[in-house]
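Trainee: Once you've had a glance at the structure underneath, I'll fire off some questions.
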Amino acid sequence: IASSLDIYGSKKLGRQARELAASKKVRFSDIKKFDLNFWMICGCICLFYIAILPFQADSTHFIEIKYDMNDTLAARVAGCVYY
């Protein structure tokens, strides 16, 4: 609804043609312009999904064997990360 009202208002004010002319197309080469903070966030997210999540999937079984715990206690220890 808000999008249609915005389009209607832009047509009514005659700004749509000016906005289209002023808008810039995104190109693949624009990746070079991203700053270091963006790439660090991307790296942290990739590290989390590559290293930590697979370990979390098998951590209950690992804790059971390594520390000789029952499955309920091992699941609680593995779930402490989320608290």
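Computed from the coordinates by the stated procedures, all read-outs in this text should not be read as laboratory data. What you see is a predicted model, and the numbers here were worked out from it, not measured in a lab. Glycine also receives a Cβ, built like all others from the backbone with ideal geometry; neighbour counts cover every protein chain displayed.
Trainee: Report the net charge of residues surrounding ASP58, where surrounding means a beta-carbon distance below 14 angstrom and charges are Lys +1, Arg +1, Asp -1, Glu -1.
Mentor: -1
Trainee: To the nearest 0.05, how large is the calculated FRET efficiency for GLN56 and ASP6 if R₀ is 35 Å and r is the Cβ-Cβ distance?
Mentor: For R0 = 35 Å, the calculated efficiency reads 0.25.
Trainee: With label points built 7 Å along Cα→Cβ from the Cα atoms of TYR82 and CYS42, find their separation and express it in nm.
Mentor: In this crude spin-label approximation the distance works out to 3.0 nm.
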